[in-house]
Amino acid sequence: MTTVFEDLWFSMRKGEFACIIGHSGCGKTTVLNILNGLDAPDEGAAIVDGKAIAGPSLDRAVIFQGHSLLPWRTVLGNVAYAVKARHRDWSRDKVNAHAMAFIEKVGLKGSELKKPSELSGGMKQRVGIARALSIEPKMMLMDEPFSALDALTRGTLQDEVRRICLETGQTAFMITHDVDEAIYLADRIVLMTNGPQAMIAEIVENPLPRERKRAEVHHHPDYYAIRNHLIDFLVTRSKSFKDAIPEGYDRRRPPVVRPSGGSGPEAGRKVA
């Protein structure tokens, strides 16, 4: 039996947007499946609001790489189906009104009666986002939801997800291979070493302000510091970390790092 990862310890604050980065095979999707209740750890537990996750729950919504829409239902029908699962005692009018509110949030007003076959790839993902948000989950889980989209559509949806999460205070956990996507979206970035027996090497706090604009991100004095830090990890340190574990490293208390572009004593400092 292969141990995918071992002694993974990290926490998330309510309203936080966290990304997890690592090479294929390190267990990122397994982590997400455990958080969603589709997999169970051999030891330990994932805890939300003081309770161990014991299976799938409407308190946690997933946005997949593929849209995973019901092809025979309209945009409204797909979102309303999720709303009805959450609120079984609501009338049809109330369900549809609630669903429409989230369809409008993702910019699909006017397309609510179209079926998936009539939508572009980006529009289908917007429906998936609306469906996930409509059940107002405690945590939104995303498995590289924009990876199959063209660059322009990907950027637009990143903007939409970021805006909605900030407006609603939504807690979000996302898998990505895209360093720039992680920098733009995340408050904190979890770095995993290569598998098998992967571990969390460190947790990177994003030094950029939470209110950030895409066109201005790369002008921030700390942008290249965090970008270079993440790329260095993926290219070099993720492969050699287990053979040269830093002195004092504790799997259960991975170091927290806040890269800085300054030249003074605060540059590249470790937070904890």
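Summary table
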{"read-out": "Filter result for residue 172 (modelled with pLDDT of 90 or more, in contact with a Phe, Trp or Tyr (Cβ under 9 Å, 6 or more places away or on another chain), surrounded by 22 or more Cβ atoms within 10 Å (Cβ to Cβ) and not assigned by TED's automatic domain parsing to the domain that holds residue 229)", "value": "no"}
{"read-out": "Subset of segment 129-159 (residues that are within 14 Å of the chain's Cα centre (by Cα), buried (at least 18 other Cβ atoms within 10 Å of the Cβ) and either farther than 16 Å from residue 60 by Cα or small (Gly, Ala, Ser) (or both))", "value": "132, 144, 146, 157, 158"}
{"read-out": "Top-ranked residue in segment 108-124 [being in contact (Cβ under 8 Å) with a residue 24 or more places away in the chain, part of a loop (DSSP other than H, G, I, E, B) and of a type outside the set (Asp, Glu); ranked as surrounded by the most Cβ atoms within 10 Å (Cβ to Cβ)]", "value": "108"}
{"read-out": "Test for residue 18: is it touching a Phe, Trp or Tyr at 6+ places or on another chain (Cβ under 6 Å), in contact (Cβ under 8 Å) with a residue 60 or more places away in the chain and either of a type in the set (A, V, I, L, M, F, W, C) or assigned by TED's automatic domain parsing to the domain that holds residue 131 (or both)", "value": "yes"}
{"read-out": "Some residue of segment 188-207 being surrounded by fewer than 15 Cβ atoms within 10 Å (Cβ to Cβ), at pLDDT below 95, under 21 Å from residue 156 (Cα atoms) and not small (Gly, Ala, Ser)", "value": "no"}
{"read-out": "Unique match (being touching a strand residue (DSSP E or B) at 6+ places or on another chain (Cβ under 9 Å) and either closer than 28 Å to residue 150 by Cβ or small (Gly, Ala, Ser) (or both)) among 216, 202, 181, 211", "value": "181"}
{"read-out": "Segments classed as helices (runs of 4 or more DSSP H), wholly inside segment 147-257, with at least 2 members that are free of Cβ contacts under 8 Å to residues at least 60 places away in the same chain and small (Gly, Ala, Ser)", "value": "151-168"}
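The values are calculated or read from the model by the stated rules, or taken from the named source; none is laboratory data. As the structure is a prediction and not an experimental result, all values here were calculated from the model. No Cβ is skipped: glycine too gets one built from the backbone with ideal geometry, and neighbour counts run over all protein chains shown.
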